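Have a look at the structure below, then the notes.
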Amino acid sequence: MSVEALYKVILYPFINESLASLKAMTKLTGEAGEAFVDSVDDFRFKGYAVCSEVTGGLDGVIMMHHYPETAIAIGNSVCENMFEESYEFTEINDDLSNALAEWGNTIVGRSTDLHGRYSLDYKFSSPYFVHDVNDMDKYLTGVKEVITVPITVNGVGRYYFNLLVRNVEYQSIGIKREASTGIANVHTKNLPLESKILLVDDSSMIRKALKRYLAQLGYNNVIEADDGSTAVSMVAEHQPDFMIMDVVMGEMNGNQALAIIRANGSDVPVVMLSSVTDKALVSECERHGISGFIFKPIQADNGAEIVKDYLKIA
């Protein structure tokens with residue numbers, strides 16, 4: 001497959017989504033350069049990367065690759081736009097790691113979901129992060145070609161998309177970009193301000209942001225869980241009046257927790273939250289009874305407004 005075909009089929013959705021998420025989550029703007037073939041022997045780790053394994057018709061790794069200073073600038077901007085506070089960290093710490101993870105997960109989740117809507121002969125793994133230059137050798141094993149697309153972030157620097165190709169057996173199929181903000185809550189009665197709300201997300205940053213948006217709306221009776229299994233226990237113990245729950249989490253995903261919560265007899269209203277917009281997943285959640293589905297990202301400038309539209313009961 002030519003560089004142009006690989007770029008259009010595999011990389012283009014990632015490039016598009018990264019530019020859209022950059023603007024939405026950081027208020028920064030960027031531009032994509034031309035795709036080119038990198039030398040495998042000369043390829044070097046720049047310091048921070050979000051990766052996803054590609055299997056099937058294409059065997060390789062897709063990598064969103066940053067210099068540390070670019071990652072730090074983007075991480076600070078993600079924090080600033082999520083919390084409307086000034087962040088000036090000069091090295092990657094827990095706050096910036098969480099921010100970059102949320103940004104990277106949003107991009108990879110939306111992009112891989114978009115690929116999954118078409119009958120394409122390849123799949124992507126869940127995203128993971130590489131911080132250590134010594135880890136890079138194992139990703140280059142068997143790589144025959146590296147396709148690189150530079151992204152220039154105005155006033156900040158560059159990051160790169162790299163497609164590390166081990167093998168390709170694939171016929172080119174066109175990709176069309178789709179966009180969606182979520183599935184609305186059809187209910188009309190506003191949730192009372194004294195209601196107990198359970199937030200479930202494995203990202204402490206997302207829980208912090210949602211808790212802030214809820215406080216802006218007057219909801220202060222908020223409890224938290226960081227995975228689906230804890231959410232199941234907390235619903236039984238605390239009997240919340242409303243839930244906002246992420247889908248993709250570590251120990252137990254939100255759709256699995258939702259199924260158990262319903263099987264246990266709880267009819268608590270639940271709004272799902274995720275960067276993954278797969279139709280089959282959404283349909284599964286709808287079968288178990290949800291009060292809407294919010295597609296990430298949500299930011300400080302629209303977070304409270306978006307959340308408000310979902311805080312309704314029948």
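A short reminder: the numbers here are calculations on the coordinates, not readings from a lab. Please read all numbers here as calculations on a predicted model, not as lab measurements. Cβ coordinates were reconstructed from backbone atoms using ideal geometry, including for glycine residues, and neighbour counts include every protein chain displayed.
Of the chymotrypsin sites (Phe, Trp or Tyr not before Pro) in segment 56-155, which ones lie in a loop per DSSP and count no more than 16 other C-beta atoms within 10 Å? Provide the component values of the computation, followed by the final result.
Numbers: sites: Phe83, Tyr87, Phe89, Trp103, Tyr118, Tyr122, Phe124, Tyr128, Phe129, Tyr139; in loops: Tyr87, Phe89, Tyr118.
Filter output for segment 56-155: Phe89, Tyr118.
Give the longest segment of the chain that steers clear of GluC sites (Glu not before Pro) in DSSP loops with at most 15 neighbouring Cβ atoms within 10 Å, not counting the sites themselves.
Working: sites that count: Glu34, Glu84, Glu85, Glu88, Glu91, Glu169, Glu178, Glu194, Glu251.
Formally, the longest exposed-site-free interval is 92-168.
Which value in nm describes the separation of the simple spin-label points at Thr141 and Asp41, placed 7 Å from the Cα toward the beta carbon?
Result: 2.2 nm between the two label points.
Give me log10 I(q)/I(0) at q = 0.07, 0.09, 0.11, 0.16 Å⁻¹ for the chain, Debye formula, one equal scatterer per alpha-carbon, no solvent.
-0.29, -0.48, -0.70, -1.31
Cut-off is 10 Å between beta-carbons; in what order do Thr112, Thr141, Thr70 appear when sorted fewest neighbours first? Each step should come with its number before you reach the end.
Numbers: Thr112 23, Thr141 8, Thr70 20.
In order of increasing Cβ crowding within 10 Å: Thr141, Thr70, Thr112.
If I stretch the segment between Asp94 and Phe129 completely, what's the gain in nm (0.36 nm per residue apart, minus their alpha carbon distance), one decimal?
Numbers: separation 35, 0.36 × 35 = 12.60 nm, distance 1.35 nm.
The Asp94-Phe129 span can extend by a further 11.2 nm.
Only Lys, Arg, Asp and Glu count, each charged at its Cβ (+1, +1, -1, -1), so figure out the dipole size of the chain about its Cα centre, rounded to 20 debye.
Charge dipole of the chain: 900 debye, to the nearest 20.
Suppose the chain between Thr55 and Arg287 were pulled fully straight at 0.36 nm per residue; how much longer would it get relative to their current alpha carbon spacing? Before the final figure, lay out each step's value.
Values: separation 232, 0.36 × 232 = 83.52 nm, distance 3.04 nm.
Gain on extension, Thr55 to Arg287, equals 80.5 nm.
Quick check on my link table: of Lys138/Lys279; Lys144/Lys296; Lys123/Lys296; Lys27/Lys312; Lys46/Lys138, which ones sit more than 27 Å apart, alpha carbon to alpha carbon?
Details: Lys138/Lys279 34 Å; Lys144/Lys296 35 Å; Lys123/Lys296 22 Å; Lys27/Lys312 30 Å; Lys46/Lys138 15 Å.
Too far apart for the 27 Å limit: Lys138/Lys279; Lys144/Lys296; Lys27/Lys312.
Please arrange Arg44, Arg212 by counting, for each residue, the other beta carbons lying within 10 Å of its beta carbon, fewest first. Could the numbers behind the result be given before it?
Numbers: Arg44 9, Arg212 15.
In order of increasing Cβ crowding within 10 Å: Arg44, Arg212.
Just from its helices, what would the mean residue ellipticity at 222 nm be for the chain, if runs of 4 or more DSSP H residues each count -39500 (n - 2.57) and the sum is divided by every residue, rounded to the nearest 500 deg cm²/dmol? List each step's numbers first, then the result.
Values: 10 runs with 114 residues, N = 314.
Calculated from helices alone, the mean residue ellipticity at 222 nm is -11000 deg cm²/dmol.
Compute the long axis of helix 12-26 from its Cα atoms, compare it with the longest principal axis of the Cα atoms of the chain, and write down the angle in degrees, 0 to 90, nearest 10.
Tilt relative to the chain: about 50 degrees.
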